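Working notes, structure below.
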Amino acid sequence: MSKLLSVVVPCFNEQDVIEETERQLCAELERLCVERRLRYEIVFVNDGSKDSTLSLLQQIHANHALRFPSGLGQVRVVSLARNFGHQVALSAGLTFAKGDAVVAIDADLQDPPAVLHDMVARWEAGVDVAYGMRRTREGETAFKLLTARLFYVCVRKLTRIDIPLDTGDFRLMSRRALDAFNAMPERHRFIRGMIPWLGFKQEPVLYDRAKRFAGTTKYPFSKMLKLALDGITSFSNAPLQTAYLAGFLVAGFSVLYAFYVLFRQVFWGFPVPGWASLMAAILFLGAVQLVCVGILGEYVGRIYDEVKRRPLFLIDEEASRGAST
């Protein structure tokens, strides 16, 4: 039997683009599967959308066999019980995917479906992970480009994982890489770091990222900041080491300042003007202590989330239709 290619598409409030996404994706997959003698499935994951995304996905599911009667593929719709966030929604889709190879792609059409041809070719050549690496990023502001660059630089510097620059979640994984990924149980997920951590044979696929077809970005600066924090705390103890070093530095300066005060008092005998310097020292030390406690609290809070062992996501409903898998 021909091999199965799964494509996972997390969706959150994508009513303006989801029908065009399905049209372009299915058209490309039909051509690809004929050329490579594959079958395909598309797993749409509704991440608690508040608009008509779910109803549109249900229509796509119901009409797929009529619109694409070749019998090469099927559409599955997994609807989460609430909004769990992009990384968890993508993880849910990867859990449900049945393919011999699985592609993760966003619904906004910034990652062109045509790139799947190159990814599949790498997989058939023995590559376990073919990840999309952006040459250009059309339609994005200078601020967005700058913050994205800072995001990757900071995460690479502070973690122990060699995360490629200018990559997102657009990638293909072999079944053995996907099984290894699905065995990772953490709740605060940074998929862009988790997959490089796996090892195996990984290669980039260069492409030009298009501007968003419709709708608005689901990754504003605040969410990018949270994603960076998840990446740093999941793969590095550098913040804890920074707090440790800051404590030693402050202690060292405090000892030097104490010797300075004693020296002035013994050899010159005039009092040290005290209030301003004392308050500055107290405020500085208090700020350092609060920062250190905050860093510890961030790690402890994540440990607390992990030990509760709640499900990563909950399913509201699932539907599938099309070629047998």
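The values are calculated or read from the model by the stated rules, or taken from the named source; none is laboratory data. It should be emphasised that the depicted structure is a prediction, and the values quoted were computed from it without experimental measurement. Neighbour counts run over all protein chains shown; Cβ positions are idealised from the backbone, glycine included. Accessible surface areas use protein heavy atoms only, side chains included; no ligands, DNA or RNA. Shrake-Rupley method; radii C 1.70, N 1.55, O 1.52, S 1.80 Å.
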*What is the stretch 1-160 by shape, rounded, prolate or oblate, if you read a ≥ b ≥ c off the alpha carbon gyration tensor as root eigenvalues and call it rounded for a/c under 1.5, prolate for a/b larger than b/c, and oblate otherwise?*
oblate
*Coarse-grained scattering of the stretch 87-193 at q = 0.10, 0.16, 0.24 Å⁻¹, given as base-10 log I(q)/I(0) from a Debye sum over alpha-carbon atoms*: -0.31, -0.82, -1.50
*Over 13 Å [Cα-Cα, the stretch 87-147], rounded percent*: 71
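Counting heavy atoms of the protein chains only and a 1.4 Å probe, report the per residue accessible area for the stretch 57-185 as a whole number of Å². Kindly include the intermediate steps, with their values, before the conclusion.
Values: 5250 Å² over 129 residues.
So the stretch 57-185 comes to 41 Å² accessible per residue, rounded to a whole number.
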*Quote the FRET efficiency, to the nearest 0.05, computed for R37 versus R135 with a Förster distance R0 of 25 Å and r equal to the Cβ-Cβ distance.*
0.25
*Cα atoms only, the stretch 41-96: Rg and Dmax in Å?*
12.0, 35
_Please list the three semi-axes, largest first and in whole Å, of the ellipsoid equivalent to the stretch 47-135, using sqrt of 5 times the eigenvalues of its alpha carbon gyration tensor._
24, 18, 13
*Low-density loop positions, GluC sites (Glu not before Pro), the stretch 1-100 - DSSP coil, at most 10 other Cβ in 10 Å*: none
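Over 32 Å between Cα atoms: which of K50/K157; K157/K201; K98/K308; K3/K308; K50/K308; K98/K201 fall into that group?
With Cα atoms farther than 32 Å apart: K50/K157; K3/K308.
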*List the residues whose amide H sits under 5 Å from the amide H of E14, counting only those 5 or more places along or on another chain, with H placed 1.01 Å from N in the peptide plane.*
T53
